[in-house]
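Comments concern the structure below.
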């Protein structure tokens with residue numbers, strides 16, 4: 001397993017946010033993290049890469065407890081794509097190059113530049129390389145963040161709502177790109193997402209959070225009318241459209 005999460009709990013002051021979270025992620029797996037607003041998805045992701053420090057439990061990356069890892073070590077093994085992208089006056093190329101910083105001490109080598117070019121091409125924004133990041137749309141800036149995470153060459157990438165600023169064309173293109181990157185077996189990913197149909201089409205495994213705890217976890221068989229109704233408090237039907245399971249709300 002690349003990632004082992006054991007009994008992780010976190011609270012802000014006296015308010016519990018997540019509790020007793022346990023799961024594992026293997027090589028080549030794309031895991032969708034699902035649940036209503038406030039269920040604890042973002043908090044869980046931040047606990048995995050030590051942006052937040054869990055009060056209880058352990059997070060192991062390839063058997064190493066993240067508590068014993070320096071920030072540089074975590075950056076080499078875990079990529080992070082937050083929900084809100086911050087604009088910068090830097091060029092897109094230089095901003096993505098920052099993703100290589102954990103891999104060099106003083107100045108980047110040719111392999112670092114090559115990795116940045118590959119990441120830009122993979123996400124489909126090579127044409128933006130010399131643009132200033134503060135001139136980009138929200139969707140373009142989100143793609144830059146994803147390219148920067150890819151440039152880190154981590155073993156696991158954590159995505160917090162990566163498609164939230166994208167139009168429907170780029171949502172599906174990006175999810176297909178993420179799935180392709182993960183399927184090569186070198187990486188895994190956990191992706192917090194609200195769109196159940198995007199998750200169903202591209203993810204292999206699912207974790208559904210309800211009130212800060214895991215309500216259900218497993219393969220596509222758990223994305224059923226009963227589970228979705230219990231987690232989201234809404235009646236739905238799961239039907240097949242052109243070979244794809246699709247969640248349809250019922251009024």
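The values are calculated or read from the model by the stated rules, or taken from the named source; none is laboratory data. Everything numeric in this text was worked out from a predicted model, so none of it was measured. Ideal geometry is used to build each Cβ from the backbone, glycine not excepted, and the neighbour counts take in all protein chains shown.
Name the one entry in 117, 140 that is closer than 16 Å to residue 86 by Cα and touching a helix residue (DSSP H, G or I) at 6+ places or on another chain (Cβ under 8 Å).
140
In region 22-137, which strands (runs of 3 or more DSSP E) lie fully inside it and hold 2 or more residues that are more than 15 Å from the chain's Cα centre (by Cα) and at negative phi?
So the answer is 56-61.
Any residue at all in region 144-156 that is in contact with a helix residue (DSSP H, G or I) (Cβ under 9 Å, 6 or more places away or on another chain), crowded, with 17+ Cβ neighbours inside 10 Å and in a strand (DSSP E or B)?
Within region 144-156, one or more residues are in contact with a helix residue (DSSP H, G or I) (Cβ under 9 Å, 6 or more places away or on another chain), crowded, with 17+ Cβ neighbours inside 10 Å and in a strand (DSSP E or B).
Just checking, how many residues over region 184-215 are in contact with a strand residue (DSSP E or B) (Cβ under 8 Å, 6 or more places away or on another chain) and part of a helix (DSSP H, G or I)?
6
Regarding residue 215, is this residue surrounded by 15 or more Cβ atoms within 10 Å (Cβ to Cβ) and more than 15 Å from the chain's Cα centre (by Cα)?
Yes.
Give the residue, chosen from 119, 199, 192, 149, that is farther than 19 Å from residue 78 by Cα and at pLDDT 90 or above.
199
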